[in-house]
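Following: one structure in structure tokens, then a few remarks.
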Amino acid sequence: MEGGAYGAGKAGGAFDPHTLVRQPHTILRVVSWVFSIVVFGSIVNEGYLNTPSEGKEFCIYNRNPNACNYGVTVGVFAFLTCLLYLALDVYFPQISSVKDRKKAVLSDIGVSAFWAFLWFVGFCFLANQWQVSKPKDNPLNEGTDAARAAIAFSFFSIFTWSLTAALAVRRFKDLTFQEEYSTLFPASAQP
């Protein structure tokens, strides 16, 4: 694929799924998408317990419903954000305006950094609540693997979202140079 403004080929080019799948930011988005499914799926599926003596469900993380709610909320919204930016990755080569491409890359940087922060907070919160959970609340150790999986994949998500932000910054810096070059030398930019 030939270079173009902000990581895109020639505007209006045909959609190439092979090129899309091989891009590092697309791979990281799919991995982040899977990680978010694991986090919210683990908590929704096995993150709530109830005992025969109590009729009410409680969160496996220290009986703190905020811990389960945070994990599920961040997981679901990260899932939706990944889908949104995967759709943007598909549509990106069709964007002909350099200003719009710049906005898309800048939003990718900001959103990815924001999600890395949210996953860091989620990891710290879930790990802390898991650490102070009382064994008497879960004598049969039900759902402990799911709780640990949610914590582990929250930790992994910090790195996938951080790498996505770093790749967007690199793409922004590398391709800003190309834009400046074509502005300074317009005759040599066209074949």
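The values are calculated or read from the model by the stated rules, or taken from the named source; none is laboratory data. Please read all numbers here as calculations on a predicted model, not as lab measurements. As a convention, Cβ positions derive from the backbone with ideal geometry for all residues, glycine included, and neighbour counts pool all protein chains shown. Side chains included, ligands, DNA and RNA excluded: accessible areas come from the protein's heavy atoms. Shrake-Rupley method; radii C 1.70, N 1.55, O 1.52, S 1.80 Å.
Miscellaneous remarks
- The residue of region 17-47 that is least open to solvent (accessible area, probe 1.4 Å), among those that are free of Cβ contacts under 8 Å to residues at least 24 places away in the same chain and either more than 22 Å from Leu118 (Cα to Cα) or polar (S, T, N, Q) (or both), is Thr19.
- Scanning region 128-145 for residues that are open to solvent by less than 30 Å² (accessible area, probe 1.4 Å) and at pLDDT 90 or above yields one hit, Gln129.
- You will find that of Leu88, Leu84, the residue that is open to solvent by less than 50 Å² (accessible area, probe 1.4 Å) and either modelled with pLDDT of 90 or more or not in a loop (DSSP other than H, G, I, E, B) (or both) is Leu88 and no other.
- Residue in region 56-66 that is in a helix (DSSP H, G or I), surrounded by fewer than 20 Cβ atoms within 10 Å (Cβ to Cβ) and polar (S, T, N, Q) present: yes
- For beta carbons closer than 7 Å, sequence separation of 6+ or different chains, a first residue in region 159-176 that is modelled with pLDDT under 95 and surrounded by 17 or more Cβ atoms within 10 Å (Cβ to Cβ) and a second that is in a helix (DSSP H, G or I) and of a type in the set (S, T, N, Q), the qualifying pairs are Ala168/Ser112.
- Here region 124-156 is the region considered, the condition is being of a type in the set (Lys, Arg) and part of a helix (DSSP H, G or I), and the residue that is farthest from the chain's Cα centre (by Cα) is Lys136.
- Taken together, the residues in region 69-123 that are more than 11 Å from the chain's Cα centre (by Cα) and not β-branched (Val, Ile, Thr) amount to 24.
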